[in-house]
1. Could you list all residues from the range 333-353 that are assigned to a loop (DSSP other than H, G, I, E, B), in contact (Cβ under 8 Å) with a residue 24 or more places away in the chain and of a type in the set (A, V, I, L, M, F, W, C)?
2. Name the pairs whose Cβ atoms lie under 6 Å apart, with the first residue in the range 388-416 and under 19 Å from G427 (Cβ atoms), the second surrounded by 15 or more Cβ atoms within 10 Å (Cβ to Cβ) and among the basic types (K, R), and 6 or more positions between them or separate chains?
3. R508 passes all but one of (1) within 22 Å of R365 (Cα to Cα); (2) modelled with pLDDT of 80 or more; (3) not in a strand (DSSP E or B); which number fails?
4. Can you tell me which residues in the range 399-409 are within 29 Å of the chain's Cα centre (by Cα) and surrounded by 12 or more Cβ atoms within 10 Å (Cβ to Cβ)?
5. Would you confirm, using the coordinates I've provided, whether V300 is in a loop (DSSP other than H, G, I, E, B) and touching a strand residue (DSSP E or B) at 6+ places or on another chain (Cβ under 9 Å)?
6. Scanning for something touching a strand residue (DSSP E or B) at 6+ places or on another chain (Cβ under 9 Å), surrounded by 14 or more Cβ atoms within 10 Å (Cβ to Cβ) and under 23 Å from P350 (Cα atoms), does the range 384-398 turn up at least one residue?
7. What is the residue count in the range 31-49 for residues that are of a type in the set (A, V, I, L, M, F, W, C), part of a strand (DSSP E or B) and over 12 Å from N229 (Cβ atoms)?
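The values are calculated or read from the model by the stated rules, or taken from the named source; none is laboratory data. Computed from a predicted structure; not experimentally measured. Here the Cβ positions follow ideal geometry from the backbone for every residue, glycine too, while neighbour counts run over all protein chains shown.
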Amino acid sequence: MTNDTVLNEATRADVAPVLQMTGVDKRFPGVHALKQVDFRLLPGEVHTLMGQNGAGKSTLINVLTGVFVPDSGEIVLDGQPVRFNSPKQAEACGVRTLYQEVNLCPNLSVAENIYAGRQPMRNGKIDWAAMRDGAQDALARLNIGLDVSKALDYYPIAIQQMVAIARALSVDARVLILDEPTSSLDEDEVARLFAVLRQLKQSRIAILFVTHFLEQTYAISDRITVMRNGERVGEYLARDLSPAQLVAKMVGHEGVGERLEQTAAELAERLDERDAAAHGAAAPFVEMRGVGKRGQMQPVDIDIRRGEILGLAGLLGSGRTETARLLFGVDRADAGDVAFNGQAVKLRSPHDAVAQGIGFCPEDRKREGIVADLSIRENIVLALQAKLGWRRFIRRKRQRAIADDYIRRLGIKASDAEQPIGLLSGGNQQKVLLARWLATEPQLLILDEPTRGIDVAAKFEIMDQMLALCAKGLGILFISSEVSEVTRMSHRVAVLRDRNKIAELSGREATDENIYRLISGASE
């Protein structure tokens with residue numbers, strides 16, 4: 001059966017859904033997360049769920065997988081009403097989920113991960129040979145051959161994603177849910193994943209795909225459901241919905257797709273209007289000379305000037321995040337020197353970096369950024385309080401004033417400053433992290449993947465804030481896996497490969513094409 005046949009079958013009106021939700025409603029304190037939502041998954045198709053952060057996508061997935069029990073509504077699986085009270089119940093019924101962070105055990109072998117909790121037994125003992133053979137068979141379904149006896153963390157994240165898919169398929173998954181599975185993958189790895197998904201469609205598996213990348217949406221989707229403010233806006237065949245229409249439905253304003261394109265052009269124009277000659281003549285206020293760490297980062301030279309954005313471009317593992325961590329003192333360099341405002345400094349810890357006026361929004365905002373159980377107010381004042389020291393305690397009234405000010409200035413969508421940050425969407429969490437460091441009045445702000453996992457509109461809001469901060473003299477070190485984002489936003493771009501800085505581009509030289517050529521080594 002060809003992919004076209006599967007798609008044609010899936011789009012026929014008489015095809016029964018594998019899974020269907022009708023009138024599903026879910027409330028949390030102060031938030032109506034799902035409002036009478038209808039949703040369906042058909043066999044043999046990739047159905048993409050789209051919406052801004054806070055639209056209800058994560059809540060819908062959590063209801064489908066038994067993390068949350070709906071307040072009302074019905075879920076039907078293979079024609080039978082179901083009610084999942086836990087993820088284990090959902091998995092037992094063939095509903096499997098792959099999250100953005102691979103939810104496996106990196107210290108166990110590939111085979112042990114695939115068979116975790118259901119190891120084949122023989123004479124009261126684990127049958128290791130049968131488990132290895134079964135794991136290899138499961139991976140062979142995905143056209144993947146590897147040593148299943150090696151620990152999972154021996155392999156890159158893309159292979160770990162494939163192992164997670166193999167585990168799901170080995171227990172006869174009927175529904176496969178992929179929540180931002182490509183956020184840590186490069187283009188080749190995404191292409192490989194999509195090839196696997198197209199193969200799975202031929203097995204009539206229903207695939208629910210969640211992403212913020214418009215290009216990926218149209219590369220893999222048969223059907224798109226758009227959500228906004230907890231409601232389903234509509235369900236569409238991907239071929240019948242243009243990207244501009246999709247963005248308009250996500251945001252809720254006709255013509256917003258064109259407006260976002262115009263905003264991108266405006267951002268680029270504002271960068272072009274900046275006096276490049278002045279930037280070139282100005283002395284850098286941050287200088288890294290031969291800074292490196294054995295086994296982690298080769299010695300690197302980087303200069304950052306006031307009022308400019310220096311972008312770091314490169315593939316995963318090229319040294320982008322490693323450079324940021326060395327500059328912020330998260331990892332201690334064993335070579336090189338750093339000067340700040342012309343004076344040599346020692347950055348042996350984040351505390352040293354904060355004292356020098358450096359702020360850092362890390363790549364993994366959930367594990368290294370936000371404190372999910374604390375309020376927005378507490379998260380915003382955290383770095384400022386640490387900078388002042390606990391003997392100079394910021395009184396609650398002052399904390400609230402600071403938080404309210406940044407909620408207003410950055411357009412953070414929340415009920416109030418006392419709302420737990422863990423209840424916010426990804427884009428709004430990112431804005432809170434930005435507010436945390438702006439409250440310290442930094443001279444340099446390191447932004448590592450600030451737009452990852454947030455919707456299109458929120459991306460442009462973050463970018464606009466970056467340019468506004470530069471106009472006030474703030475220096476920014478900007479890291480993004482999206483090369484077009486780096487070239488659009490940066491005054492200069494340092495290109496990294498294999499944990500080395502291999503080039504620096506500015507002006508008209510800083511194009512996507514030139515950067516990809518350098519990354520691939522084609523220009524050598």
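1. Result: A333, single match.
2. Close Cβ pairs satisfying both conditions: A403/R377; L410/K431; I412/K431.
3. Evaluating R508 over (1) within 22 Å of R365 (Cα to Cα); (2) modelled with pLDDT of 80 or more; (3) not in a strand (DSSP E or B) leaves (1) as the failure.
4. Once the filter is applied, which keeps residues that are within 29 Å of the chain's Cα centre (by Cα) and surrounded by 12 or more Cβ atoms within 10 Å (Cβ to Cβ), the range 399-409 yields I402, A403, D404, D405, Y406, I407, R409.
5. Judged against the criteria, V300 is not a match.
6. no
7. Matching residues across the range 31-49 total 4.
Here's the yes/no breakdown for (1) polar (S, T, N, Q); (2) within 19 Å of A324 (Cα to Cα); (3) in contact with a Cys (Cβ under 7 Å, 6 or more places away or on another chain); (4) not assigned by TED's automatic domain parsing to the domain that holds I394:
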residue	(1), (2), (3), (4)
G422	no, no, no, no
V432	no, no, no, no
W437	no, yes, yes, no
D448	no, yes, yes, yes
K459	no, no, no, yes
Q465	yes, no, no, yes
A471	no, no, no, yes
